[in-house]
1. Tell me yes or no: at least one residue of region 312-321 is more than 16 Å from the ligand (Cβ to nearest atom), surrounded by 17 or more Cβ atoms within 10 Å (Cβ to Cβ) and part of a loop (DSSP other than H, G, I, E, B).
2. Give just the number: which of (1) outside any loop (DSSP other than H, G, I, E, B); (2) within 25 Å of Leu156 (Cβ to Cβ); (3) away from the ligand (no atom under 12 Å from the Cβ) does Ala235 not satisfy?
3. Of everything in region 238-250 that's in contact with a His (Cβ under 9 Å, 6 or more places away or on another chain) and within 11 Å of the ligand (Cβ to nearest atom), which residue is farthest from Leu284 (Cα to Cα)?
4. Given the residues Thr258, Thr277, which is the only one that is away from the ligand (no atom under 15 Å from the Cβ) and surrounded by 15 or more Cβ atoms within 10 Å (Cβ to Cβ)?
5. For region 312-348, what are the residues that are farther than 20 Å from Gln69 by Cβ and among the small types (Gly, Ala, Ser)?
6. Of the residues Asp200, Asp211, which is away from the ligand (no atom under 16 Å from the Cβ) and in contact (Cβ under 8 Å) with a residue 24 or more places away in the chain?
7. Given the criterion among the hydrophobic types (A, V, I, L, M, F, W, C) and within 14 Å of the ligand (Cβ to nearest atom), identify the matching residue among Leu47, Leu15, Leu26.
8. Taking region 324-363 only, how many residues are more than 16 Å from the ligand (Cβ to nearest atom) and surrounded by 19 or more Cβ atoms within 10 Å (Cβ to Cβ)?
Amino acid sequence: MTTDVVVAGGGLIGLSVAWRAAQRGLSVTVVDDAPGAGASTAAAGMLAPVTEASYGEEALLRLSVASLQRYPAFVAELEQVTGLQVELRTTGTLAVGFDADDVRQLDELHAFQTELGLAAERLTPRETRRREPALTPRVRGGLAVAGDHSVDGRALHAALLAACTGTGVRLVRDRAAELTVTAGRATGVWLAGGDALPADVVVLALGAHSDSLPGVPPLPVRPVKGQILRLAGAAGLLTGTVRALVRGRHVYLVPWGTDGLIVGATVEDLGFDARVTAGGVHELLHDAIDVVPEVAELELTETLARWRPGTADNAPLLGPSSLPGLVLATGHHRNGALLTPVTGEAIAEQLTTGQLPAIAEPFTTDRFGRTA
Ligand code: GLY
């Protein structure tokens, strides 16, 4: 049986593409032996484009803001069609600086945000602690961004999976072992189990593994390891996300569920190293406890390491590739959860009209001279 579209990868990005494509009338098959067990399960779910704004990444910021704007309707639709809760938290994000140099960096960020017309409020140490009383009195200042939110990434993935099933997406629980290429065109995938899955178009949504699928042209995607922790017993500890600079190091604390707290994340260029290390856990807990001392009393319930799909400019690879029939939805680096709604919509448009929407056009591989 030939399907219109095979999506290789059943993480947040792959499922979002599959759901939106199926809604547009395409027959879609998702291939993944463990859907959601990659970067999606590690994602803290920060939806924080303003707090994460960086010089030279203005196009990515525009895409990220566009995706954030879609989030409330995206989650409402998912909850409505699946009956599942997705926990979109709209309690804002507080960036804090631990020492004088950290606060200087916050001031630079604030100046950049102001230049771009982004809403952020610079706070004194006292105002910062009034927002989040659990912060240490040593915090030297803060930056409140009311519009930066968070989502429970695991709940989002479960809802997307249910929405896909409800829209007729077929899920094949097997590993894509090779891209089939016939007469210079992608024509489906071979499964590790031995079967062929023919398709008119293949969407590559394998995250950090996107460059590893035989048959795919070389892609500028590399694994960027992140170690991340989950703790319990944090009910009422924080009202929203806290992103801290602690002696120049970044740590974030994201409340989730009724009493959970996510503390993340290391950023390591170590290839596909899957180890959770003593040093990684130590660094995260040390910095988190410096900023919110009560973290020391919480129960450490989970540690894990996964790989972000990093690219040279930290932005995703979207749309056509150099191989006809192969469409890219990968390279989301630190922004997979944030960019899930806009990616699904953009790639579904590419699949049905042959054209990416304008907001996604800067993210084709053309920007690298179309190596892929
Ligand atoms: N988006 C947060 C991270 O990649 O650690």
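1. Step one: list which residues in region 312-321 are more than 16 Å from the ligand (Cβ to nearest atom), which gives 312, 317-321.
Imposing the further condition that a residue be surrounded by 17 or more Cβ atoms within 10 Å (Cβ to Cβ) reduces the set to 317-321.
Within this subset, residues satisfying the condition of being part of a loop (DSSP other than H, G, I, E, B) are 321.
Looking for residues that are more than 16 Å from the ligand (Cβ to nearest atom), surrounded by 17 or more Cβ atoms within 10 Å (Cβ to Cβ) and part of a loop (DSSP other than H, G, I, E, B), one finds at least one in region 312-321, hence yes.
2. (1)
3. The selected residue is Thr241.
4. Working: Thr258 fails: surrounded by 15 or more Cβ atoms within 10 Å (Cβ to Cβ).
After ruling out the rest, the residue left standing is Thr277.
5. Here is the first cut: in region 312-348, the residues farther than 20 Å from Gln69 by Cβ are 312-314, 317, 319-328, 330-331, 333.
Within region 312-348, Ala312, Gly319, Ser321, Ser322, Gly325, Gly331 qualify.
6. On the way: Asp211 fails: in contact (Cβ under 8 Å) with a residue 24 or more places away in the chain.
Criteria check complete, one pass: Asp200.
7. Values: Leu15 fails: within 14 Å of the ligand (Cβ to nearest atom); Leu26 fails: within 14 Å of the ligand (Cβ to nearest atom).
Going through Leu47, Leu15, Leu26 in turn, just one is among the hydrophobic types (A, V, I, L, M, F, W, C) and within 14 Å of the ligand (Cβ to nearest atom): Leu47.
8. Taking region 324-363 and keeping what is more than 16 Å from the ligand (Cβ to nearest atom), we get 324-329, 344-363.
Subset that is surrounded by 19 or more Cβ atoms within 10 Å (Cβ to Cβ): 325-329, 344-348, 350-351, 356, 360, 363.
Total meeting the criteria: 15.
Just so you know, all these numbers are worked out from the coordinates, no wet-lab data involved. On a predicted model such as this, the values are computed, not experimentally measured, just so you know. In this analysis, Cβ positions are derived from the backbone assuming ideal geometry, glycine residues included, and neighbour counts consider all displayed protein chains.
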